[in-house]
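Working notes, beginning with the structure itself.
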Amino acid sequence: KQWYQRRVAITAGGVNAVGVGINPGQAFFLEMFGTMFLILTILSTINEQKGHAASYLQPLSIGIAILVMHIFLIPFTNCGINPVRGSVWNIITGQASSEILIFLFAPLVGSIISVLVHNIFFVSY
């Protein structure tokens with residue numbers, strides 16, 4: 001019961017924080033992986049070289065990717081896969097700490113890695 005109450009206290013109010021049972025390194029990896037999943041989904045669905053013409057399925061697949069990442073990450077970090085969303089609310093509410101760097105840099109690192117992965121494995125030259 002105490003574990004559940006602490007987790008609810010962390011995720012309440014939209015403030016991002018490292019959840020119970022994980023360390024900052026694990027939180028960084030989770031946020032980085034979440035951003036990679038989202039960016040790879042976006043890059044894969046808008047790739048016209050592979051015949052993915054604009055349609056109603058692109059926003060649907062991107063929305064499903066965001067939903068999946070929120071379901072997976074909210075219990076651990078409150079899902080700050082966007083650097084602005086991951087840091088501004090902490091600053092506005094006065095709850096910013098050194099953990100804010102996780103929510104600033106993990107999405108940036110994840111997006112850089114996902115672009116590299118996409119260009120190496122999914123783009124044919």
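Of note:
- The range 23-102 - percent of accessible surface contributed by carbon and sulfur, probe 1.4 Å: 74
- Sequence ranges 55-61, 76-82, 109-115, ranked by mean other-Cβ count within 10 angstrom, highest first: 76-82, 109-115, 55-61
- 3J(HN,Hα) from dihedral phi, the range 64-77, Karplus parametrisation 6.51/-1.76/1.60, rounded to Hz, x for glycine, proline: 5, 4, 5, 4, 4, 5, 5, 4, 6, 9, 4, x, 9, 9
The values are calculated or read from the model by the stated rules, or taken from the named source; none is laboratory data. Remember, predicted model here, so these are calculated numbers, not experimental data. Neighbour counts run over all protein chains shown; Cβ positions are idealised from the backbone, glycine included. When the accessible area is computed, the model is the full protein with side chains, heavy atoms only, and any ligands, DNA or RNA have been set aside. Shrake-Rupley method; radii C 1.70, N 1.55, O 1.52, S 1.80 Å.
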